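**Student:** One structure, as structure tokens, below. Some questions next.
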Amino acid sequence: MSKRTVELDLATPGLDARGQPVRVPLGVGDAPDATPPEPDLTGEHMLINLGPQHPATHGVLRLVVELDGETVVRVIPHLGYLHSGFEKLGEYRHYNQIIPLTDRTDYLSPMANNVGFALAAEKLMGIEITPRCTVLRVMACEMSRIISHMVWLGTTSIDLGAFTPFLWAFQERERIYNLQEMWTGARLTTSVTRVGGMMADIPDDFVAGLREFTQTFPRTLSEIDRVLTRNGVWVGRTQGVGALTAAEAINHSLSGPMLRASGVPYDVRRDQPYLDYETYDFDVVVGEHGDVYDRYLVRLEECSQSNRILQQALVRLPDGPVNVADPRVILPPKSRAMNDMEAMIYHFKQVMEGVKAPVGEAYVGIENPKGELGNYLVSDGSAKPVRWRIRPPSFINLSALSKMAEGHLLSDLIAINASVDIVMGEVDR
Amino acid sequence: MNPTVDALRATFGNAIGRGLESCGDTIVYVAREALLDAMTWLRDTPEQGYDYLVDVTAVEYRDRERLLEVVYQLRSLARRADLRIKVELDPHGDLTVDSVVPLWRGADWLERETYDMFGVTFRGHPDLRRILMWETYAEGYPLRKDFPLRGRFSRAEQVRQALGANPEAHYSMEELSIAEAYDELPADMKERLRHGERGKLPDTE
């Protein structure tokens, strides 16, 4: 019996390579040929390029992933797409002129970066800041921690398929941004500190606005907690994924929530206190398993601890000057600079020559939302640092990515990468 | 002075250079040959317990007479104590120092960055290549003091090189040797792979 065929010419999918309609056997003729054997794919590895323009890499991070089926064999990260040479630029700037550069490193927590740099410069110059300034800086750091964790929570939940927490988290972030704008005039590039003080004191409505925030923010946190913490999809995608033991976390120099989620109770705020953090009542949040789920729990709980610190700071905020009374580091008020000869000379010298730091070097690490942000300044006695080194927490945390992701599925790589909480402005600097 | 400095000197003798304090931080200079031994001792001796590597970087001074320093920030998590170790190298001579990656995996990218920015070679590093600048970057080491702020090449030359870049250069040789794309590589890249320039050849060769 001859083979019966039917002609398909309805749509292009039925065309063969030469543009002729494909003839499909109807299957009533001879037994079809034995199907060709499945190709042996074991050992065939595939190379996947993820990024640099990809929503799940959280910035211009590029990952080249070697896959065996869907299993990640190796991750090779490529960085540097956002490299701006901040450390080199800093060698050509006065200390106060570097502060705008710090905004642009970890741009999700600009105020905390400003504080970290100012503390390092003050340690180098031996300046004691005023009590009011100390409390204001604590507020700046904790506000930054909340907005940074809110961005992390929102974007990570989107990566893992939950859209609603993203909206809640960004709404809370917006309220902090309004306060930041009220204080500094900018939402992102705050440049709020100066060596020896702050750019400005807080405006009149600020305390009331922040108090209102601290009262209503826990409600959002508990809603996020209710939606995610016992959510089957969330738990399934995060528990046991990308786990690191405490010894591994220490060996990889991880810091911040990444380190604490692995069960190492190290928090710079408590263990090497700055800004009188030892006098605040807060808990260091420590995880147990070191997986993506524990990192989520640690960050969520850190938000409510930050809220506690903010409430205490609001209560204790003392009156008094914000800037130190040292005309060599703090600019005189404009009215005096225009009318008083001595003030005018100080103004001129600071603007033209900058503030000189004594010969020496100083390292200050602060607990940033991403981990320990270090500022290492080396001075040769001039008004510009010889070396300004940023110890970038998310750069170092990201370096453990291959270790965490290898052996997991490609979809888990997205969750693990999100859990590191990177910000490329800081990774690449 | 920090008791660790005396303990180091008692153990390693002349290999430990001067120890000093700046702004309350302890700094110890260690001879390049003794670095790995001293770091291992600092990490594994229970009384010291410097188990956490905070940072690796380098400092070059504006004063041309001063030596380039490779700086290690160490921390003992249990004792909450910090220590800064420095190794001095001649910026115009051999910029080589032993890698501490065998002790701390966290040093991997930090040493790569120091190599990228200062040209310091870390002996024994598993994968020492540029990290922030691209692999074919030819202008030198950006954080060195003889490197001009805007780069060595003119803006026109920088644009010309960027436009003329080989798109295959976006993958490292190692990655290309994994991919099936290996067979379609241009002959000169295959030649570079054959010379063992990073990565292994596929077994088919």
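The values are calculated or read from the model by the stated rules, or taken from the named source; none is laboratory data. Because the structure is predicted, anything quoted here is derived from the model rather than measured. Positions of Cβ are generated from backbone atoms using ideal geometry, with glycine treated the same way; all protein chains shown enter the neighbour counts. Note: accessible area is taken over every heavy atom of the protein model, side chains too, but ligands, DNA and RNA are not part of it. Shrake-Rupley method; radii C 1.70, N 1.55, O 1.52, S 1.80 Å.
**Student:** With the checklist (1) under 22 Å from A:W152 (Cα atoms); (2) open to solvent by 10 Å² or more (accessible area, probe 1.4 Å) in hand, flag the one item A:V420 doesn't pass.
**Tutor:** Here A:V420 clears every test but (2).
**Student:** Give segment A:353-380 a look and list any residue that's more than 14 Å from chain B (Cβ to nearest Cβ) and within 23 Å of A:K88 (Cβ to Cβ), or say none. Working first, answer last.
**Tutor:** Going through segment A:353-380, the residues more than 14 Å from chain B (Cβ to nearest Cβ) turn out to be A:353-356, A:369-370.
Across segment A:353-380, the qualifying residues are A:E353, A:G354, A:V355, A:K356, A:K370.
**Student:** Looking at A:T229, is it touching a Leu at 6+ places or on another chain (Cβ under 8 Å) and open to solvent by less than 10 Å² (accessible area, probe 1.4 Å)? Walk me through it before giving the result.
**Tutor:** Details: touching a Leu at 6+ places or on another chain (Cβ under 8 Å): yes; open to solvent by less than 10 Å² (accessible area, probe 1.4 Å): no.
Spelling it out, it is not the case that A:T229 is touching a Leu at 6+ places or on another chain (Cβ under 8 Å) and open to solvent by less than 10 Å² (accessible area, probe 1.4 Å).
**Student:** Of the residues A:Y274, A:Y266, which single one is under 19 Å from the mean Cα position of the chain (by Cα), over 15 Å from A:S419 (Cα atoms) and within 14 Å of chain B (Cβ to nearest Cβ)? Talk me through it step by step, then tell me what you get.
**Tutor:** Values: A:Y274 fails: under 19 Å from the mean Cα position of the chain (by Cα).
So the residue among A:Y274, A:Y266 that is under 19 Å from the mean Cα position of the chain (by Cα), over 15 Å from A:S419 (Cα atoms) and within 14 Å of chain B (Cβ to nearest Cβ) is A:Y266.
**Student:** Filtering segment A:121-136 down to residues that are over 26 Å from the mean Cα position of the chain (by Cα) and open to solvent by 10 Å² or more (accessible area, probe 1.4 Å), which residue is farthest from the other protein chains (Cβ to nearest Cβ)? Explain how you work it out, then say what you get.
**Tutor:** The initial filter retains those residues of segment A:121-136 that are over 26 Å from the mean Cα position of the chain (by Cα), namely A:124-132.
Among the residues that remain, those that are also open to solvent by 10 Å² or more (accessible area, probe 1.4 Å) are: A:125-132.
Working: A:M125: 9, A:G126: 7, A:I127: 11, A:E128: 13, A:I129: 15, A:T130: 20, A:P131: 21, A:R132: 24 Å.
Ranking the qualifying residues of segment A:121-136, first place goes to A:R132.
**Student:** If you take the residues of segment B:55-98 that are more than 10 Å from chain A (Cβ to nearest Cβ) and polar (S, T, N, Q), which of them is farthest from the chain's Cα centre (by Cα)?
**Tutor:** If we take residues in segment B:55-98 being more than 10 Å from chain A (Cβ to nearest Cβ) and polar (S, T, N, Q), then B:S76 is farthest from the chain's Cα centre (by Cα).
**Student:** Can you list the strands (runs of 3 or more DSSP E) lying wholly within segment B:37-153 that have 1 or more residues being open to solvent by 50 Å² or more (accessible area, probe 1.4 Å)? If you could, list the steps in order and put the result at the bottom.
**Tutor:** Working: elements: B:52-59, B:68-76, B:81-89, B:96-98, B:121-123.
Of the strands (runs of 3 or more DSSP E) lying wholly inside segment B:37-153, those with at least 1 residues that are open to solvent by 50 Å² or more (accessible area, probe 1.4 Å) span B:81-89, B:121-123.
**Student:** Starting from segment B:35-51, keep only residues that are aliphatic (A, V, I, L, M), then list their pairs with residues that are not in a helix (DSSP H, G or I) whose Cβ atoms are within a distance under 6 Å, requiring at least 6 positions of separation or different chains.
**Tutor:** B:L35/B:V87; B:L35/B:D98; B:L36/B:D98; B:A38/B:V30; B:M39/B:V100; B:M39/B:L103; B:L42/B:Q48; B:L42/B:Y50
**Student:** Answer with yes or no whether A:I99 is farther than 24 Å from B:L110 by Cβ, in a helix (DSSP H, G or I) and more than 9 Å from every other protein chain (Cβ to nearest Cβ). Walk me through how you get there before you give the answer.
**Tutor:** On the way: farther than 24 Å from B:L110 by Cβ: yes; in a helix (DSSP H, G or I): yes; more than 9 Å from every other protein chain (Cβ to nearest Cβ): yes.
In short, yes.
**Student:** Report whether or not B:V159 is in contact with a Leu (Cβ under 9 Å, 6 or more places away or on another chain), of a type outside the set (G, A, S) and not in a strand (DSSP E or B).
**Tutor:** no
**Student:** Then there is this: Do we have any residue at all in segment B:100-121 that's more than 12 Å from chain A (Cβ to nearest Cβ), closer than 28 Å to A:L244 by Cβ and in contact (Cβ under 8 Å) with a residue 24 or more places away in the chain? Lay out the reasoning, then the answer.
**Tutor:** To start, the set of residues in segment B:100-121 that are more than 12 Å from chain A (Cβ to nearest Cβ) comprises B:115, B:119-121.
Checking the rest, the ones that are also closer than 28 Å to A:L244 by Cβ come to B:115.
Checking which are in contact (Cβ under 8 Å) with a residue 24 or more places away in the chain leaves us with none.
No, the conditions are met nowhere in segment B:100-121.
**Student:** Got a number for residues in segment A:338-386 being in contact (Cβ under 8 Å) with a residue 40 or more places away in the chain and of a type in the set (A, V, I, L, M, F, W, C)?
**Tutor:** Within segment A:338-386, residues that are in contact (Cβ under 8 Å) with a residue 40 or more places away in the chain and of a type in the set (A, V, I, L, M, F, W, C) number 9.
**Student:** Does at least one position in segment A:390-404 carry a residue that is modelled with pLDDT under 90 and surrounded by fewer than 24 Cβ atoms within 10 Å (Cβ to Cβ)?
**Tutor:** yes
**Student:** Select from segment A:214-255 the residues that are among the β-branched types (V, I, T) and either modelled with pLDDT under 90 or under 17 Å from A:Y293 (Cα atoms) (or both) and list them in ascending order. Steps first, please.
**Tutor:** Restricting attention to segment A:214-255, the residues satisfying the condition of being among the β-branched types (V, I, T) are A:214, A:216, A:220, A:224, A:227, A:229, A:233, A:235, A:238, A:241, A:245, A:250.
Across segment A:214-255, the qualifying residues are A:I224, A:V227, A:T229, A:V233, A:V235, A:T238, A:V241, A:T245.
**Student:** Exactly one condition in (1) over 21 Å from A:E181 (Cα atoms); (2) more than 18 Å from the chain's Cα centre (by Cα); (3) of a type outside the set (A, V, I, L, M) is false for A:N96; which is it?
**Tutor:** Only one criterion in (1) over 21 Å from A:E181 (Cα atoms); (2) more than 18 Å from the chain's Cα centre (by Cα); (3) of a type outside the set (A, V, I, L, M) is unmet by A:N96, namely (1).
**Student:** Right, another one. Given the conditions (1) free of Cβ contacts under 8 Å to residues at least 60 places away in the same chain; (2) closer than 30 Å to A:G126 by Cβ; (3) open to solvent by less than 50 Å² (accessible area, probe 1.4 Å), and given that B:R18 satisfies all but one, which numbered condition is not satisfied?
**Tutor:** B:R18 satisfies all of (1) free of Cβ contacts under 8 Å to residues at least 60 places away in the same chain; (2) closer than 30 Å to A:G126 by Cβ; (3) open to solvent by less than 50 Å² (accessible area, probe 1.4 Å) except (3).
**Student:** What's the total number of residues in segment A:102-120 that are away from chain B (no Cβ under 11 Å) and not in a loop (DSSP other than H, G, I, E, B)? Even if it seems obvious, please write down each step before you answer.
**Tutor:** Applying the first criterion (away from chain B (no Cβ under 11 Å)) to segment A:102-120 yields A:102-119.
With not in a loop (DSSP other than H, G, I, E, B) added as a condition, the list becomes A:102-103, A:110-119.
Of the residues in segment A:102-120, 12 are away from chain B (no Cβ under 11 Å) and not in a loop (DSSP other than H, G, I, E, B).
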